[in-house]
Amino acid sequence: MMDVSLFDYDLPVELIAQSPPKERGSSRLMVLNRATGKIEHAHFSALGRYVNPGDVLVINDSKVIPARLLGQKKETGGMIEVLLIKPRHEADTWDVLVRPARRVRIGTRLFFGNDQELEAVVKERLPDGGAVVTFRYEGDWESLLDRLGEMPLPPYIREKLSDPSRYQTVYAAHAGSVAAPTAGLHFTEAHLQALVKEGVQLARLTLHVGIGTFRPVKVDQVEAHTMHSERFTIPEETVQRIHEAKAAGRRVIAVGTTSLRTLEGAYHTYGRLFAHSGETDIFIYPGFTFHVVDALLTNFHLPRSTLLMLVSAFATREQILAAYQEAMKKQYRFFSFGDAMLIV
């Protein structure tokens, strides 16, 4: 058994990036070589120096929805905040988080918008402030959500985001995430095109990032933690490109932990990679054997988090914690809007 405290470190609060860099793609880049432990410091614009022609860059094209809704209780007018988590199979029914949770019970009606154009009824209470609600509205759901919802920024970001598009990747296509796949936020269209021109192959998949991104690890032992499931789709073209790269001895580079979890989760479940959709709740921590991904582009993660455990499995815990100490010494920016790390 591994103690969660093994994945702790002290981060100065001033290193938590509160806003994206002025220009997309202007972040710094730390490169960690797993074989040697060597660390290099660069800028993200120099990523092409570390990516070879024929390598497959796997991106997560999920799009963040404006999942934070501020409304009122129909009966009392009391203020309520609802965070959309995951749609259920029943029409217009979602798992949500409600704050303050103590104010809602089964049957509570909520409304959103000045004209009460969106209404929700609580159908079921769930643990940890969760609920199942059914929405009632007229018109188009996505248009209504775009108008009434807000981007659900992580709780460690205190500043209001002036441009919501900076919490989306430039290749976001399929709406469904409640948090951005943040490693992809560094790319511009021009940068991606330049990599392709140099012979790098792009491959897409979709994993809708869920509430697990916000959930802290509350247990003492790593193995006792339970992950929430997230929906994914792996297209046939992506599978073909990965298989061809593997056969030719070229690398598969996951852009972000979400891309890595999708690929490795599928392989872990079925013993092979094939085109399909489903859900994954895979929890990757040291001791895990990787079968698909050869290199990982990621950001710097929270202490005691499942993402820190994942990168500690991909490299080693000692390498990652040493790299993080180096990053703090060099004043790298941490977390969602922070700098990038390439583990090769």
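A few comments on the model shown:
- Residue pairs whose Cβ atoms lie under 6 Å apart, separated by 6 or more positions or on different chains, with the first residue in the stretch 171-189 and acidic (D, E) and the second modelled with pLDDT of 95 or more and not in a strand (DSSP E or B), are E189/V170.
- R28 being without any contact (Cβ under 8 Å) to a residue 12 or more places away in the chain, more than 30 Å from E244 (Cα to Cα) and either in contact with a Cys (Cβ under 8 Å, 6 or more places away or on another chain) or not β-branched (V, I, T) (or both): no
- In the stretch 56-80, the residues that are out of contact with any helix residue (DSSP H, G or I) (no Cβ under 7 Å at 6 or more places or on another chain), without any contact (Cβ under 8 Å) to a residue 60 or more places away in the chain and either surrounded by 17 or more Cβ atoms within 10 Å (Cβ to Cβ) or among the aliphatic types (A, V, I, L, M) (or both): G71, M79
- Number of the condition not met by K86 [criteria: (1) at pLDDT 95 or above; (2) of a type in the set (K, R); (3) within 23 Å of L205 (Cβ to Cβ)]: (1)
- Evaluating V255 against the criteria (1) farther than 21 Å from L302 by Cα; (2) under 13 Å from the mean Cα position of the chain (by Cα); (3) not acidic (D, E) leaves one unmet condition, (1).
- Number of positions in the stretch 176-225 that are exposed (fewer than 15 other Cβ atoms within 10 Å of the Cβ) and in a strand (DSSP E or B): 1
- For the stretch 160-183, a residue qualifies if it is more than 19 Å from the chain's Cα centre (by Cα) and within 29 Å of V104 (Cβ to Cβ), and exactly one does: K160.
- Across the stretch 281-303, the qualifying residues are those that are in contact with a Phe, Trp or Tyr (Cβ under 6 Å, 6 or more places away or on another chain) and under 18 Å from L207 (Cβ atoms), and the one among them that is surrounded by the fewest Cβ atoms within 10 Å (Cβ to Cβ) is H291.
- F111 being in contact with a Phe, Trp or Tyr (Cβ under 8 Å, 6 or more places away or on another chain), farther than 30 Å from F337 by Cα and of a type outside the set (S, T, N, Q): no
- Those residues of the stretch 309-344 which are among the acidic types (D, E) and surrounded by 21 or more Cβ atoms within 10 Å (Cβ to Cβ), in sequence order: D339
- Residue check for F274: within 21 Å of R241 (Cβ to Cβ) and hydrophobic (A, V, I, L, M, F, W, C): yes
- Residue check, T306 buried (at least 16 other Cβ atoms within 10 Å of the Cβ), more than 18 Å from I59 (Cβ to Cβ) and within 13 Å of the chain's Cα centre (by Cα): yes
The values are calculated or read from the model by the stated rules, or taken from the named source; none is laboratory data. Keep in mind it's a predicted model, so treat the numbers as computed, not measured. Neighbour counts run over all protein chains shown; Cβ positions are idealised from the backbone, glycine included.
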